[in-house]
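Here's the structure we're looking at; comments come further down.
The values are calculated or read from the model by the stated rules, or taken from the named source; none is laboratory data. The model shown is predicted, which means the values in this text are computed figures rather than measured ones. Every residue, glycine among them, receives a Cβ derived from its backbone with ideal geometry; neighbour counts consider all protein chains shown.
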Amino acid sequence: MKATIKPLTQRPAWKALAAHHKKIKNLHLRKLFADDPKRGERLTIEAVGLYLDYSKNRITDQTLKLLLQLARESGLPEKIEAMFSGEKINVTENRAVLHVALRAPKGAKIYVDGKNVVPEVHAVLDKLTEFSNRVRSGKWKGHTGKRIRNVVNIGIGGSDLGPVMAYEALKHYSERSLTFRFVSNVDGIDFVEASRDLDPAETLFIVSSKTFTTLETMTNAQSARDWLLKGLGGDVKSVAKHFVAVSTNAERVSAFGIDTANMFVFWDWVGGRYSMDSAIGLSTMLAVGPDNFRALLKGFHEVDEHFHHTPFEKNLPVLMGLLSVWNNDFLGAQTVAVLPYEQYLKRFPAYLQQLTMESNGKHVTLDGKKVDYQTGPVYWGEPGTNGQHSFYQLIHQGTRLIPCDFIAFGNALTPLGRHHDILLANVFAQAEALAFGKTAEEVKAEGTPDWLVPHRVFEGNRPSNVILADRLTPEVLGQLVALYEHSVFTQGAIWNIDSFDQWGVELGKVLAQRIVPELESKTAPRLKHDSSTNNLICRYRKLKSAK
Ligand code: G6Q
């Protein structure tokens with residue numbers, strides 16, 4: 001397969017897209033819609049309960065045809081098959097990429113190195129279920145015999161962003177008598193604030209770390225251990241009742257003092273940013289209960305099946321990925337705004353930042369050649385309508401092209417007067433205004449003086465997707481996350497990059513470790529960095545000793 005795939009810019013479809021872009025680059029969405037009155041119905045897909053309206057993208061039928069051809073020429077069908085069949089597609093780490101196995105139904109068979117991993121996945125799910133039920137029902141007691149009322153997840157990156165996002169997204173379904181906190185930053189304030197009003201006797205810490213070596217997490221876990229022991233009179237036996245671990249590293253978990261009977265495992269074929277549906281989701285399961293957690297997995301699986309088996313022209317993640325490639329590589333968009341019109345999804349953009357940018361922020365192809373095209377765009381966003389009163393100005397009238405993904409729901413989880421209609425009116429209005437803008441003639445017709453007209457003109461022709469679902473259920477959350485996971489996969493496949501490694505993150509982990517002893521040493525260290533770093537270290541040492 002590898003040998004037959006040409007470098008991206010030499011693929012016939014890429015060349016055809018470049019020529020096609022020259023022809024249509026000045027075409028306005030106003031004209032595209034005027035010429036095709038059914039466009040807004042035609043360029044839509046509905047699958048697994050998600051509705052995608054992609055008609056407000058700057059594309060024609062020919063663009064779509066060429067993008068689909070590009071997917072085939074890029075080996076996307078074969079790459080999808082390779083992922084689902086457990087091939088080691090994360091080449092730089094020589095690992096399979098099997099988050100899809102985490103949500104496969106019990107009877108499924110997915111092999112890694114000749115071993116079906118699905119039974120293990122379900123064994124862990126059952127163990128998580130049993131544990132969650134014990135905590136939620138009060139059967140699991142803390143060291144002093146009190147039941148657990150507070151759960152603190154300690155983790156960072158992939159071991160934090162998914163749990164935080166899912167907790168916020170599914171708060172409506174959560175057990176309100178339990179308090180959930182998430183500690184990630186090594187800035188001590190994160191732990192101090194998260195623990196300040198908690199009773200250690202009622203607090204359970206989940207130390208979530210795939211490697212169990214991450215400096216931030218280990219530092220926070222140690223402080224949590226000290227805090228607990230201080231609060232419970234120093235009895236080290238209390239640790240077993242108040243700490244559980246989620247990790248792939250039993251040795252380290254045990255060295256920390258956590259009973260490995262209270263350890264929930266996952267595997268090296270689960271990438272950190274793809275792990276919220278593994279045991280890393282323990283805090284989610286504790287919050288919303290095992291049934292809702294399984295509904296979340298069901299939603300993921302539905303989109304996995306859809307991605308795996310649906311022809312590309314009707315395939316939601318494939319189309320979203322291809323449109324993103326078009327906007328990024330041909331229209332020159334450098335960012336994508338993700339704008340959920342659903343307050344519960346307030347952490348969804350932050351979650352997607354890691355998923356998209358850690359996955360596709362790569363500068364070389366799978367075979368190590370520097371790319372001569374743009375790869376992953378910057379993802380960012382805020383929930384609507386708040387963003388409308390701040391950065392939307394730039395999206396409407398600035399000089400940059402910012403494609404937007406609007407996400408909205410037909411029904412509010414807790415309806416309140418007219419709120420939901422007003423919320424949804426804003427989504428539709430924003431997408432409409434971005435696409436069609438307001439011409440000088442229209443502005444003049446409103447009686448605007450000539451000098452003011454240019455300021456009030458909206459060029460329009462700003463692309464957007466609208467994703468609509470019925471309501472934010474655990475199942476729909478799973479669908480949305482899987483939608484973006486596979487869109488990221490599609491983009492990475494076209495760019496021919498490794499979407500599953502993160503050497504940039506690894507670098508950060510090593511660098512800080514080198515400097516810590518230089519900051520802590522009692523005597524002046526012999527510094528061998530550049531003059532700026534040396535100087536900053538000296539200045540910091542002076543600042544802290546002056547205290
Ligand atoms: C995710 C990354 C990274 C990772 C964190 C935490 O894909 O690998 O964000 O999740 O660095 O790592 P640990 O879970 O090993 O502590």
Could you check Thr260 against (1) crowded, with 24+ Cβ neighbours inside 10 Å; (2) within 15 Å of Lys127 (Cβ to Cβ) and say which number it fails?
(1)
Name the single residue that is farthest from Thr414 (Cα to Cα) among those in region 439-481 being assigned to a loop (DSSP other than H, G, I, E, B) and over 40 Å from the mean Cα position of the chain (by Cα).
Pro449
All-but-one check, Glu506 against (1) under 30 Å from Thr213 (Cβ atoms); (2) more than 16 Å from the ligand (Cβ to nearest atom); (3) outside any loop (DSSP other than H, G, I, E, B), failing number (2)
Among (1) crowded, with 16+ Cβ neighbours inside 10 Å; (2) part of a helix (DSSP H, G or I); (3) small (Gly, Ala, Ser) - the single one Ala408 does not satisfy
(2)
Being in a loop (DSSP other than H, G, I, E, B) and aromatic (Phe, Trp, Tyr) is the filter; apply it to region 367-405 and report the residue that is farthest from Glu168 (Cα to Cα).
Tyr373
Filtered residues of region 311-345 (kept if within 30 Å of Gln62 (Cα to Cα), part of a helix (DSSP H, G or I) and polar (S, T, N, Q)):
Ser324, Asn327, Asn328
Is it true that Phe458 is over 30 Å from Phe312 (Cβ atoms), at pLDDT 95 or above, surrounded by 16 or more Cβ atoms within 10 Å (Cβ to Cβ) and away from the ligand (no atom under 16 Å from the Cβ)?
yes
For residues in region 104-128 being within 16 Å of Asn262 (Cα to Cα) and aliphatic (A, V, I, L, M), which is farthest from the chain's Cα centre (by Cα)?
Ala123
With Asp421, Asp450, Asp405 as the choices, which residue is more than 30 Å from Lys25 (Cβ to Cβ) and either touching a residue at least 12 places away in the same chain (Cβ under 8 Å) or among the charged types (D, E, K, R) (or both)?
Asp421
Looking for whichever is of a type in the set (D, E, K, R) and modelled with pLDDT under 95 here; the options are Glu475, Glu506. Which one fits?
Glu506
Would you mind listing the helices (runs of 4 or more DSSP H) fully within region 198-304 where at least 2 residues are within 16 Å of the ligand (Cβ to nearest atom) and either in contact with a helix residue (DSSP H, G or I) (Cβ under 7 Å, 6 or more places away or on another chain) or hydrophobic (A, V, I, L, M, F, W, C) (or both)?
215-231, 250-256, 282-288
Restrict the check to region 346-364 and report whether at least one residue is more than 16 Å from the ligand (Cβ to nearest atom), in a helix (DSSP H, G or I), within 21 Å of the chain's Cα centre (by Cα) and surrounded by 21 or more Cβ atoms within 10 Å (Cβ to Cβ).
yes
Which of the residues that make up region 94-111 are over 22 Å from Ser487 (Cβ atoms) and out of contact with any strand residue (DSSP E or B) (no Cβ under 9 Å at 6 or more places or on another chain)?
Asn94, Pro105, Lys106, Gly107, Tyr111
